[in-house]
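Contents: one structure, followed by commentary.
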Amino acid sequence: MPDPVVTGSTGGTGSSSGTVLSTYQSKTVGSSEGSTSTYEYDGSSRVIKITSVDVDSSNNSTTTVYRYVRDASGKITSVVTNYFAATSPGSGFPDSVYVNVNYPSGSSAYNFTSYAFSVGSVPVKDSISYIYTGGIITDVYEYQAISATTFSAASHVQYVYSNGNIVTEKIYTPASTGGALTLAGMYALDYDSKTSPLITGNESFLPGQNVGYGCKNNLAKFVLTDYTTNSVLATVNYTYQYNSSGLPVSGTAVQTPGNKTVTLTLAYK
């Protein structure tokens, strides 16, 4: 199940100046695990590239890149990524995959994304549809190809908002191959009262971004419940230090059970 936490990076110190997020870092205490995300923008401060360097507990590093192609009006028309080749090296995935972003005629709100490529003679296809309520995305459906022409429902994620933040995230997955989607898990989320370091609105649902970018405040706590076992898998509490603009520059995330602690560092320009 997806982690609602905005991804970050390893080490470093946050800049107290500036208001445009340049890097977000996280580092697991007592481990080499960590992540570093770097953000690039166009002249209108819109995200055009996100580069993430992830290091696992064996100190192996993976770099993934997402480029956001925008038209003259600023709409993202495609996303170019090396994600598949980077995370599965030697598996025959192309170096770059183009994710098409579709808009209904005359609309500035995209309604689905899709990509298609082949690994040898095996087609790989994926399509995601987005449902809006009151101008914000509340439901995301993913479909994956099970043959050259047939798609099957892979997941449905449902979002509930309050005061500009996602407070509930429900994940539905197939009970079995080709089976109906059933509730597999749920995130219950709380927030602080400070401004989020990066707010991209509905763009936050596009590949390479994070739904946390669509929230106005910073995540303070989440509880992940597994409905296949009816048990709480994790509770994570966040604390932050802020700069004079009220933006977070450092913090910690503490997970129970396991007492795992992650340090967070943010820099701005």
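Values for this structure:
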item: Pick from the stretch 60-80, criterion of a type in the set (A, V, I, L, M), over 15 Å from S37 (Cβ atoms) and surrounded by 14 or more Cβ atoms within 10 Å (Cβ to Cβ), ranking: nearest to the chain's Cα centre (by Cα); result: V79
item: Of residues in the stretch 13-53 being aliphatic (A, V, I, L, M) and more than 29 Å from A72 (Cβ to Cβ), the one farthest from the chain's Cα centre (by Cα); result: V29
item: Subset tally (residues that are loosely packed, with under 12 Cβ neighbours inside 10 Å and over 26 Å from S108 (Cα atoms)) for the stretch 40-59; result: 3
item: Sole residue being under 30 Å from Q241 (Cβ atoms) and buried (at least 18 other Cβ atoms within 10 Å of the Cβ), chosen from G212, G185; result: G212
item: Every pair of residues 6+ apart whose Cβ atoms lie under 7 Å, when the first sits in the stretch 215-233 and is under 21 Å from S204 (Cβ atoms) while the second is assigned to a strand (DSSP E or B) and among the basic types (K, R); result: N217/K194; N218/K194
item: Any hit, the stretch 135-158, residues being in a loop (DSSP other than H, G, I, E, B), within 30 Å of V223 (Cβ to Cβ) and either among the hydroxyl-bearing types (S, T, Y) or modelled with pLDDT of 95 or more (or both); result: yes
item: Number of positions in the stretch 240-269 that are part of a loop (DSSP other than H, G, I, E, B) and closer than 17 Å to K221 by Cα; result: 3
item: Counted residues, the stretch 101-114 - those being at pLDDT below 95 and assigned to a strand (DSSP E or B); result: 0
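The values are calculated or read from the model by the stated rules, or taken from the named source; none is laboratory data. Everything quoted here is computed from the prediction, not taken from an experiment. Ideal geometry is used to build each Cβ from the backbone, glycine not excepted, and the neighbour counts take in all protein chains shown.
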